[in-house]
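Asker: Sharing a structure, written as structure tokens. Questions coming.
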Amino acid sequence: MSAIDAGALNARELRSADRRHRLFLFGSGLPALLLVLVTFVLPIGWLFWLSLFDADGQLTIQNYTRLLEPIYVLTFVQTFKIAVIVTVVCVLIGYPYAYFMTKGPHWLASLAMGVLLVSLWTSLLVRTYAWLIILQRRGMANDLLMALGITDVPLSLVHNLTGTVIGMVHIMLPFMILPLYAAMKSIDPIYNQAAAAFGASPARAFRDVFLPLSLPGLAAGATLVFVITLGFYVTPALLGGGKVQMISMRIESDVSMYANWGAASSLGVVLLIATLLMLFIVKKGAGFSRRSE
Amino acid sequence: MSRIQQNLSGMLRASWLYLLVVLTMLFLVLPTLVVIPMSLSDARYLSFPPKSLSLEPLFSYFASLEWRTATTVSLVTATLTMLLATTLGTAAAYSLHVSQSRLSGVLRGLMLAPMIVPTIFIAIGLFFVYARFDLNNTIPGLVLAHTLLALPYVVINVGAGLRSYDMTQEQAACILGASRLRAFFDVTLPQIRFSVIAAAMFAFAISLDEAVISLFISGGDSSTLTKRMFSSLRSEIDPLIAVVATLMTLLSILMLCISLMAQRKAKRRSL
């Protein structure tokens, strides 16, 4: 039934029903939209605006040109370095783990998933605190390393880059493994069987069939890990012990120590642009590889 | 011969995989396991395993007004955030699911954006804006901020629930004379309730665990547990932290269990 062959009265009735329907949909989305506008768009927009002014309220690009000073450049380099290391380690550990969750014996795969979820749901501050204890000079990790004869003197595993990377990898692993697992789960085993039927060795079938099919999941997980690590604050601030300086920490100190909103905002803007650029590149790359298939 | 060799190398590869996975599992679960015995240690400095067990830290936690207040603030904030985020998020997910307007893509992006924007950036922005509305150091301020962070997870979870739900049932209710609102509450909501429950658990856990925004916008009597923990971990470590950490861990495992049960039921329903 359409409004055209119904009577004029009916058509008006339908139009008003349609209007009510639209109104209802608009009304149900509105509160969430308002919240996002007030607590997200407004603050971020305001910071963008602030980043364009100096302390006296004069329009300037000085907040941005200042970021070329060595101290800021160093921070950027260190932030990207940490994000790259964490991403690479997460890929190396996460890929076999996700593979095992897909192909391993059922009960062990379930256990692997359970362990992953418990870790993901445990408070991030709690986990960071636990790493402080485990990695300290007279902690478990050093006890173990010394018992195994790997080292004679306790190593400094925390309050430095090592501790930061260990803690970050621990927090980021679920973000790597879950998308990867979803991608691997959706690969039909029939492809591997077909490869085997044509005489491919398991290694060859893995390399030429399974691996390429799992790459989109790998890209999604790696991007997520990289992007979240870029802007991470809590764990590097606690496990880095002041020796690790990331962009997020400089933003924090610019605001709470120097009340320099222009500097903090411009750093935040650059961090945000770097994040969006990263996501854009990966999305373009994924689109391209899909088209070329 | 080559077959045996192949099997052997396959087994070797598999045992490598097993070893790697078991080690990773230990790595993943170790921090969660370490926390609980730590809270029962009477040592003044932090060592693991504890030299002797005692309930002393537990008593001093309950005796400390500061930590008790922070616990109340965190629990109240998390509960209110859960209620607000679940309500707003479910309504928004419904709107995005049903609407065919071109705008809904933009709205969806906007609602998911807080997931990828660095939290520190949102934190200083909120701190700045809140200063103008006297919302710093207040529970409503915290609830609004945490709801923003929880919203994407609710929208995604409830959206997934809606996708596996047959919308024609709601249309049928409307044809039979129910109002749109009534149809939603009586027909749709009961069928997506497990996705909604799972989303609510997410929202609670996100609020309870949120540290970066709380660090800026909470203080004094409205300090959250995470803010107190962060400050304490930064200066000298208060042995009471172990008790708080245990409390938070037990609570989040409870949330995980509820959400898993809800998700399992939601999945069964959609089959």
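The values are calculated or read from the model by the stated rules, or taken from the named source; none is laboratory data. Since the structure is predicted, the reported quantities are computational estimates derived from the model, not experimental observations. Here Cβ is always computed from backbone atoms with ideal geometry, including for glycine, and neighbour counts include all displayed protein chains.
Asker: Looking at residue B:112, is it under 22 Å from residue B:197 (Cβ atoms), in contact with a Pro (Cβ under 6 Å, 6 or more places away or on another chain) and facing chain A (nearest Cβ under 7 Å)? If you could, list the steps in order and put the result at the bottom.
Answerer: Working: under 22 Å from residue B:197 (Cβ atoms): yes; in contact with a Pro (Cβ under 6 Å, 6 or more places away or on another chain): yes; facing chain A (nearest Cβ under 7 Å): no.
Judged against the criteria, residue B:112 is not a match.
Asker: Within the range B:58-79, which residues are closer than 19 Å to residue B:157 by Cβ and either within 13 Å of chain A (Cβ to nearest Cβ) or over 16 Å from the mean Cα position of the chain (by Cα) (or both)? Talk me through it step by step, then tell me what you get.
Answerer: Going through the range B:58-79, the residues closer than 19 Å to residue B:157 by Cβ turn out to be B:78-79.
Result: B:78, single match.
Asker: If you don't mind, there's one more thing I want to ask. Do you know which residues across the range B:117-141 are touching a residue at least 60 places away in the same chain (Cβ under 8 Å), assigned to a helix (DSSP H, G or I) and more than 11 Å from chain A (Cβ to nearest Cβ)? Steps first, please.
Answerer: The initial filter retains those residues of the range B:117-141 that are touching a residue at least 60 places away in the same chain (Cβ under 8 Å), namely B:119-120, B:122-124, B:126-127, B:130, B:135-139, B:141.
The next check asks that each one be assigned to a helix (DSSP H, G or I); those that pass are B:119-120, B:122-124, B:126-127, B:130, B:139, B:141.
Of everything in the range B:117-141, just one residue is touching a residue at least 60 places away in the same chain (Cβ under 8 Å), assigned to a helix (DSSP H, G or I) and more than 11 Å from chain A (Cβ to nearest Cβ), namely B:139.
Asker: Give the residue that is surrounded by the most Cβ atoms within 10 Å (Cβ to Cβ), with candidates limited to residues of the range B:83-103 that are at the interface with chain A (Cβ under 7 Å from one of its Cβ atoms) and polar (S, T, N, Q).
Answerer: Only one residue fits best here, namely B:95.
Asker: Could you list, in sequence order, the residues of the range A:36-48 that are in contact with a helix residue (DSSP H, G or I) (Cβ under 8 Å, 6 or more places away or on another chain) and more than 8 Å from chain B (Cβ to nearest Cβ)? Step through it out loud before you land on a result.
Answerer: First pass over the range A:36-48, keeping only residues in contact with a helix residue (DSSP H, G or I) (Cβ under 8 Å, 6 or more places away or on another chain): A:36, A:38-44, A:46-48.
Residue satisfying the conditions is A:48 alone.
Asker: Could you go through the range A:124-135 and let me know if any residue there is surrounded by 22 or more Cβ atoms within 10 Å (Cβ to Cβ), within 19 Å of residue B:263 (Cβ to Cβ) and assigned by TED's automatic domain parsing to the domain that holds residue A:232.
Answerer: The answer is no; no qualifying residue exists.
Asker: Restricting to the range A:130-159, name every residue that is over 21 Å from the mean Cα position of the chain (by Cα), part of a helix (DSSP H, G or I) and either under 21 Å from residue A:240 (Cα atoms) or not small (Gly, Ala, Ser) (or both). Explain how you work it out, then say what you get.
Answerer: Here is the first cut: in the range A:130-159, the ones over 21 Å from the mean Cα position of the chain (by Cα) are A:130, A:132-159.
Narrowing the set further to residues that are part of a helix (DSSP H, G or I) leaves A:130, A:132-135, A:140-147.
Of everything in the range A:130-159, those that are over 21 Å from the mean Cα position of the chain (by Cα), part of a helix (DSSP H, G or I) and either under 21 Å from residue A:240 (Cα atoms) or not small (Gly, Ala, Ser) (or both) turn out to be A:130, A:132, A:133, A:134, A:135, A:140, A:141, A:142, A:143, A:144, A:145, A:146.
Asker: Also: Would you mention how many residues in the range A:197-253 are more than 11 Å from chain B (Cβ to nearest Cβ), β-branched (Val, Ile, Thr) and assigned to a helix (DSSP H, G or I)?
Answerer: 2
Asker: I've got another one for you. Of these, A:101, A:176, A:168, A:184, which one is touching a Cys at 6+ places or on another chain (Cβ under 8 Å), under 30 Å from residue B:259 (Cβ atoms) and touching a residue at least 40 places away in the same chain (Cβ under 8 Å)? Steps first, answer last, please.
Answerer: On the way: A:101 fails: touching a Cys at 6+ places or on another chain (Cβ under 8 Å); A:168 fails: touching a Cys at 6+ places or on another chain (Cβ under 8 Å); A:184 fails: touching a Cys at 6+ places or on another chain (Cβ under 8 Å).
Unique residue meeting the criteria: A:176.
Yes/no matrix, rows are residues, columns are (1) among the small types (Gly, Ala, Ser); (2) in contact with a strand residue (DSSP E or B) (Cβ under 7 Å, 6 or more places away or on another chain); (3) under 30 Å from residue A:215 (Cα atoms):
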residue: A:109; (1), (2), (3): yes, no, yes
residue: A:113; (1), (2), (3): no, no, yes
residue: A:134; (1), (2), (3): no, no, no
residue: A:137; (1), (2), (3): no, no, no
residue: A:143; (1), (2), (3): no, no, no
residue: A:148; (1), (2), (3): no, no, no
residue: A:171; (1), (2), (3): no, no, yes
residue: A:178; (1), (2), (3): no, no, yes
residue: A:188; (1), (2), (3): no, no, yes
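Asker: Further, regarding this structure: Going by what's in this entry, would residue B:92 be described as part of a helix (DSSP H, G or I), among the small types (Gly, Ala, Ser), closer than 28 Å to residue B:231 by Cβ and at pLDDT 85 or above? Don't jump to the end; show me each part of the working.
Answerer: Details: part of a helix (DSSP H, G or I): yes; among the small types (Gly, Ala, Ser): yes; closer than 28 Å to residue B:231 by Cβ: no; at pLDDT 85 or above: yes.
Answer is no for this residue.
Asker: Can you confirm whether the range B:173-187 contains a residue that is among the aromatic types (Phe, Trp, Tyr) and out of contact with any helix residue (DSSP H, G or I) (no Cβ under 8 Å at 6 or more places or on another chain)? Spell out the reasoning first.
Answerer: First pass over the range B:173-187, keeping only residues among the aromatic types (Phe, Trp, Tyr): B:184-185.
Checking which are out of contact with any helix residue (DSSP H, G or I) (no Cβ under 8 Å at 6 or more places or on another chain) leaves us with B:185.
Looking through the range B:173-187, at least one residue is among the aromatic types (Phe, Trp, Tyr) and out of contact with any helix residue (DSSP H, G or I) (no Cβ under 8 Å at 6 or more places or on another chain).
Asker: List the pairs whose first member sits in the range A:82-93 and is within 16 Å of residue A:179 (Cα to Cα), whose second member is among the small types (Gly, Ala, Ser) and part of a helix (DSSP H, G or I), and whose Cβ atoms are under 8 Å apart, counting only residues at least 6 apart or on separate chains?
Answerer: Taking only residues 6 or more apart or on different chains, the pairs are A:87/A:222; A:90/A:221; A:90/A:222; A:91/A:221; A:91/A:222.
Asker: Quick one: which helices (runs of 4 or more DSSP H) sit completely within the range A:1-85 and have at least 1 residues that are closer than 30 Å to residue B:104 by Cα and aromatic (Phe, Trp, Tyr)? Walk me through it before giving the result.
Answerer: Numbers: elements: A:8-36, A:42-50, A:62-65.
Passing ranges, in order: A:8-36, A:42-50.
Asker: Say whether the condition of being outside any helix (DSSP H, G or I), at the interface with chain B (Cβ under 9 Å from one of its Cβ atoms) and buried (at least 16 other Cβ atoms within 10 Å of the Cβ) is met by at least one residue in the range A:108-115. Write out each step before concluding.
Answerer: Taking the range A:108-115 as the starting set, the residues that turn out to be outside any helix (DSSP H, G or I) are none.
Checking the range A:108-115: not a single residue is outside any helix (DSSP H, G or I), at the interface with chain B (Cβ under 9 Å from one of its Cβ atoms) and buried (at least 16 other Cβ atoms within 10 Å of the Cβ).
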